[in-house]
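One structure below.
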Amino acid sequence: MSAEITEKWKFIVSKLEEQFGKRLDMNAILLIIGIRELGTLKDKFTKEEKVRLMHIAVCRLFSKSGYYELAGVNSKGWPEWTKVGDMPFVDVFEQETLIRQHIVDYFEEEEIY
């Protein structure tokens, strides 16, 4: 990961941690993005809903690279994504780096800071 992306990542994490008042890991940030993409906030999500929200976030992030596209919204108002391309084989470290880069891009595109 480039030094620029690393600095932007640290900035995003620090701003989110400041806003939420606790330490956040990658899953928590994906959850935040998923909730934002869902557009609905409620007091508590079930474990299954949290997994779906993180999936929504990953699909949204990787849609910019052409791996997923939004298929529509289901009857409950949840976005549904279709896989349109295979992601390159990467190890866990490379995958995390790629997700971080996409999160930085997402926050810049959405002008969230």
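Okay, here's what the table says:
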{"read-out": "Residue list for segment 93-109, filter: surrounded by 12 or more Cβ atoms within 10 Å (Cβ to Cβ), under 19 Å from residue 34 (Cβ atoms) and of a type outside the set (Lys, Arg)", "value": "95, 96, 98, 99, 101, 102, 103, 104, 105, 106, 107, 108"}
{"read-out": "Residue that is at positive phi and of a type in the set (D, E, K, R), where the choices are 111, 94, 69", "value": "111"}
{"read-out": "Condition met for residue 71 (among the aliphatic types (A, V, I, L, M) and under 16 Å from the mean Cα position of the chain (by Cα))", "value": "no"}
{"read-out": "Top-ranked residue of segment 20-55 - restricted to ones that are assigned to a loop (DSSP other than H, G, I, E, B) and of a type in the set (Val, Ile, Thr), ranked as nearest to the chain's Cα centre (by Cα)", "value": "40"}
{"read-out": "Unique match (being more than 22 Å from residue 29 (Cα to Cα) and loosely packed, with under 14 Cβ neighbours inside 10 Å) among 90, 84", "value": "84"}
{"read-out": "Qualifying residue in segment 90-111 (condition: part of a loop (DSSP other than H, G, I, E, B) and more than 18 Å from residue 14 (Cα to Cα))", "value": "yes"}
{"read-out": "Residue under evaluation residue 40, criteria (1) touching a residue at least 24 places away in the same chain (Cβ under 8 Å); (2) in contact with an Asp or Glu (Cβ under 8 Å, 6 or more places away or on another chain); (3) among the β-branched types (Val, Ile, Thr), criterion not met", "value": "(2)"}
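Bear in mind these aren't lab numbers, they're just calculated from the coordinates by the rules spelled out. Note that the structure is a prediction, hence the values are computed from the model and not measured. Neighbour counts run over all protein chains shown; Cβ positions are idealised from the backbone, glycine included.
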